[in-house]
1. Exactly one of these conditions fails for Leu194: (1) closer than 30 Å to Pro148 by Cα; (2) assigned to a helix (DSSP H, G or I). Give me its number.
2. Before we move on, is Phe262 touching a residue at least 12 places away in the same chain (Cβ under 8 Å), among the aromatic types (Phe, Trp, Tyr), touching a Phe, Trp or Tyr at 6+ places or on another chain (Cβ under 9 Å) and over 30 Å from Thr43 (Cβ atoms)?
3. State which residue is surrounded by the fewest Cβ atoms within 10 Å (Cβ to Cβ) when the search covers only the stretch 122-147 and only residues that are over 22 Å from the mean Cα position of the chain (by Cα) and touching a residue at least 40 places away in the same chain (Cβ under 8 Å).
4. Here are some conditions: (1) closer than 21 Å to Ile268 by Cβ; (2) in contact with a Pro (Cβ under 8 Å, 6 or more places away or on another chain). Met17 meets all but one. Which one does it not meet?
5. What residue, among those in the stretch 68-77 that are surrounded by fewer than 19 Cβ atoms within 10 Å (Cβ to Cβ) and either in the same structural domain as Leu188 (by TED's automatic domain parsing) or in contact with a strand residue (DSSP E or B) (Cβ under 6 Å, 6 or more places away or on another chain) (or both), is farthest from Gly256 (Cα to Cα)?
6. Among the numbered criteria (1) of a type in the set (Phe, Trp, Tyr); (2) at pLDDT 90 or above; (3) within 18 Å of Asp110 (Cβ to Cβ), which single criterion is violated by Phe79?
7. Which one of these is in contact (Cβ under 8 Å) with a residue 24 or more places away in the chain, surrounded by 18 or more Cβ atoms within 10 Å (Cβ to Cβ) and within 18 Å of the chain's Cα centre (by Cα): Val207, Val170, Val150?
8. Run down Gly33, Gly21 and say which single residue is crowded, with 19+ Cβ neighbours inside 10 Å and in contact with a Gly (Cβ under 8 Å, 6 or more places away or on another chain).
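The values are calculated or read from the model by the stated rules, or taken from the named source; none is laboratory data. Remember, predicted model here, so these are calculated numbers, not experimental data. We place every Cβ from the backbone using ideal geometry, glycine too, and count neighbours over all the protein chains shown.
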Amino acid sequence: MNIIGRRKLWYAISIVMILPGLVSLILWGLNLGIDFEAGQLATVRGDVTQEKVEAAAEGLELQNIQLVQTGEGQTQIRFTDPSAQAQHEANHQKLKAELAERGIEELSFDSVGPAVSSTIARNAIASMIAVSVAIVLYIAFAFRNAPPPVSPWGFGIMAIAALLHDALFVLGVFSLLGHFFDVEVDALFVTAILTTIGFSVHDTIVVFDRIRENLRREKGTFETIVNHSILETIGRSINTSVTVLLTLLALYLFGGQSIKMFVLALMIGIASGTYSSIFNASPLLVTWHNYRLKRMEKARLKPKRA
């Protein structure tokens, strides 16, 4: 099977995977949950309607009241309270009492202020940047003795390209889910993205390590050696991913509602990571190698000035 010879096809499939979500991210962004946007979130049970909630909130000056059905007879009531911080708890208790009079029981309540939500958002972005930089440095160090023609930095950069593919795909899918199905992203979603990045890099390093070994002991073109290395590791990559996905599927079907979107993000990310480690990361090494050869050849043939 000539995986490397069909690398343009794999690149095209990746573009088709990422493009709809990327457009969604540009147009609509992510449907941010309470962790990233200041507000209050009450999870309730009972016969909940928009009219009942608005009637219960009358006189409290709450804004942007939204209802989201979460399954199992539960509903999330999300709103913002523009009053002073000291008044938030009093408003919450009044709302809880008014809802109870209408047969609506509050199960949980969360409140996040503007300062906390902005800090969480900054920390999430910083953690992803720090992880990416650390991965490049680690892979460059781990592959510092790799034989030519690929430099240690080449391995690191291509691994980052593969994990960016996976992160963008998951972000894009949840942007579409947020726009069309009101799915929100929270702090657990960041954990899922970081886990996806870790899994993607782990799978990619396995293939890269086999390429390094085969460069030392095999004869042939770089493209042939890379293709052979992928074929030697593809069974391990797929089998590992399938066992993880089966476990996550059980969690998705039988786990609690609170972790359902977290598990879905992991499933999408791990499936994408398996694809990118086989069909993107190593083929990109070959593409980059061929590009460098062409540049060197052009430089060699370029007439020197007198």
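1. Status for Leu194: all satisfied but (1).
2. Values: touching a residue at least 12 places away in the same chain (Cβ under 8 Å): yes; among the aromatic types (Phe, Trp, Tyr): yes; touching a Phe, Trp or Tyr at 6+ places or on another chain (Cβ under 9 Å): yes; over 30 Å from Thr43 (Cβ atoms): no.
When the stated conditions are applied, Phe262 does not pass them.
3. From the stretch 122-147, those over 22 Å from the mean Cα position of the chain (by Cα) are 140-147; that's our starting set.
Remaining after also requiring touching a residue at least 40 places away in the same chain (Cβ under 8 Å): 142-143, 146-147.
Details: Ala142: 16, Phe143: 21, Ala146: 20, Pro147: 12.
That would be Pro147.
4. (2) is the only condition that Met17 fails.
5. Narrowing the stretch 68-77 to residues surrounded by fewer than 19 Cβ atoms within 10 Å (Cβ to Cβ): 68-74.
If we keep only those that are either in the same structural domain as Leu188 (by TED's automatic domain parsing) or in contact with a strand residue (DSSP E or B) (Cβ under 6 Å, 6 or more places away or on another chain) (or both) too, we end up with 68-70, 73-74.
On the way: Val68: 17, Gln69: 15, Thr70: 11, Gly73: 13, Gln74: 12 Å.
The extreme case among them is Val68.
6. For Phe79, the failing item is (2).
7. Details: Val207 fails: within 18 Å of the chain's Cα centre (by Cα); Val150 fails: within 18 Å of the chain's Cα centre (by Cα).
Being in contact (Cβ under 8 Å) with a residue 24 or more places away in the chain, surrounded by 18 or more Cβ atoms within 10 Å (Cβ to Cβ) and within 18 Å of the chain's Cα centre (by Cα) holds for just one of Val207, Val170, Val150, which is Val170.
8. Values: Gly33 fails: in contact with a Gly (Cβ under 8 Å, 6 or more places away or on another chain).
Residue meeting the stated conditions: Gly21.
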